[in-house]
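Participant: I'd like to ask you about the structure that follows.
The values are calculated or read from the model by the stated rules, or taken from the named source; none is laboratory data. Given the structure is predicted, the values throughout are model-derived calculations rather than measurements. Positions of Cβ are generated from backbone atoms using ideal geometry, with glycine treated the same way; all protein chains shown enter the neighbour counts.
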Amino acid sequence: MSSITIPARGESHPNLRPLSILRDLPAVADLIELCFSSTMDTDGRRYVQDMRRAGNDNSFVRWANRAAETTSLPLTGYIWEEGGYIVGNTSLVPFRHNKERIYLIANVAVHPAHRRKGIARALTERAMQHAREKKVNNIWLHVRDDNPGAIELYAKLGFVERARRTSWQAATDLYAQPLETDIAITGRHPSYWQTQLNWLSRLYPSALSWHRDWNINSLRPGFWNWFYLMFVDINIRQWAAVRAGNDLQATLSWIPSGRGESLFAAAGARSAPEALTALLIQARREIHQQYPHIALEFPVSRFDGAIAAAGFKPLRTLIWMQATS
């Protein structure tokens with residue numbers, strides 16, 4: 001199958017054009033669902049539904065024309081048309097972190113009948129060009145670890161791997177069997193904070209913090225933080241896994257966000273994997289009244305087996321890649 005030759009910078013292929021929020025969102029939602037439905041989690045399905053709803057909402061469309069650079073919905077991007085049908089898409093999602101503007105290239109999707117033509121490459125290159133036209137050089141994307149063709153493409157375009165993280169999900173269950181172990185599960189004591197902070201900073205690094213909607217400091221002990229959380233009505237739960245002699249092995253935090261997918265685990269290089277298993281089972285038991293499912297995003301590591309042993313299933317593993325050229 002022949003590939004596509006993209007004209008020189010500043011020109012465009014006749015099949016490639018900017019996304020039109022006035023007419024394209026429903027068709028783009030259909031394409032994303034077609035390409036990714038087998039791996040979508042609850043947030044992904046909600047995202048597609050929001051796109052369809054937004055595309056049919058005139059008041060939203062009027063607002064979106066003014067807000068394309070400040071919202072996480074895919075209001076900026078490029079599509080590829082063949083015969084009047086959208087068969088390719090890429091979205092540009094803006095972020096701002098520490099006064100720096102960042103773009104995430106997302107939803108790179110090509111209809112199965114039109115793959116291996118160079119469409120994904122053309123769309124990605126145009127998205128990168130768009131970011132640089134906006135004077136944004138910090139450009140990221142995510143790609144599944146089981147998509148070697150896409151990984152190779154992005155590497156050729158100058159992206160390098162910065163992290164590899166798995167999304168896990170489990171059903172909550174009051175009757176989940178506790179782990180038989182000498183590790184005790186307790187509330188997170190304030191004296192554990194510095195160790196917990198060190199672990200969290202390594203597992204949820206600042207280089208990726210632009211993408212998360214929570215702040216590590218919300219887990220900090222102390223009256224003023226407690227008072228603030230009470231004022232904004234956020235009921236954070238925290239547990240610790242401890243061996244005899246006050247030997248902290250791991251911590252787990254739950255920050256309610258309306259989705260339930262809000263677990264944040266912390267463990268060290270010498271922590272026992274079973275400590276994380278015990279903590280996750282405890283969370284499944286305690287949160288059953290709030291949510292039917294809970295989820296955890298965690299780096300690929302020696303703890304993968306421990307997470308699975310707690311009844312969590314891997315949804316996907318994403319490679320975080322950053323543009324370097």
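Participant: Which one is farthest from Ala241 (Cα to Cα), of the residues in segment 175-216 that are touching a residue at least 12 places away in the same chain (Cβ under 8 Å) and small (Gly, Ala, Ser)?
Facilitator: So, considering only residues that are touching a residue at least 12 places away in the same chain (Cβ under 8 Å) and small (Gly, Ala, Ser), the one farthest from Ala241 (Cα to Cα) is Ala207.
Participant: Quick one: Ala269 ticks every box in (1) over 22 Å from the mean Cα position of the chain (by Cα); (2) in a strand (DSSP E or B) except a single one, so which number is it?
Facilitator: Result: Ala269 passes all but (2).
Participant: Would you mind finding the one in Val87, Val48, Val61 that is within 23 Å of Thr124 (Cβ to Cβ), at pLDDT below 90, surrounded by 14 or more Cβ atoms within 10 Å (Cβ to Cβ) and of a type in the set (A, V, I, L, M)?
Facilitator: Among Val87, Val48, Val61, only Val48 is within 23 Å of Thr124 (Cβ to Cβ), at pLDDT below 90, surrounded by 14 or more Cβ atoms within 10 Å (Cβ to Cβ) and of a type in the set (A, V, I, L, M).
Participant: Continuing with the same structure: Is it true that Val160 is at pLDDT 95 or above, part of a strand (DSSP E or B) and exposed (fewer than 14 other Cβ atoms within 10 Å of the Cβ)?
Facilitator: When the stated conditions are applied, Val160 passes them.
Participant: Checking the condition assigned to a helix (DSSP H, G or I) and of a type in the set (Ser, Thr, Tyr), which residue from Thr317, Thr277 passes?
Facilitator: Checking each option against the conditions leaves just Thr277.
Participant: With the structure loaded, tell me whether Met40 is of a type in the set (A, V, I, L, M, F, W, C), surrounded by fewer than 18 Cβ atoms within 10 Å (Cβ to Cβ), under 26 Å from Leu315 (Cβ atoms) and at pLDDT below 75 or whether it fails that test. It would help to see each step written out before you state the result.
Facilitator: Details: of a type in the set (A, V, I, L, M, F, W, C): yes; surrounded by fewer than 18 Cβ atoms within 10 Å (Cβ to Cβ): yes; under 26 Å from Leu315 (Cβ atoms): yes; at pLDDT below 75: yes.
Spelling it out, Met40 is indeed of a type in the set (A, V, I, L, M, F, W, C), surrounded by fewer than 18 Cβ atoms within 10 Å (Cβ to Cβ), under 26 Å from Leu315 (Cβ atoms) and at pLDDT below 75.
Participant: Which residue is surrounded by the most Cβ atoms within 10 Å (Cβ to Cβ), if the candidates are limited to segment 284-302 and must be among the polar types (S, T, N, Q) and more than 21 Å from the chain's Cα centre (by Cα)?
Facilitator: Gln290
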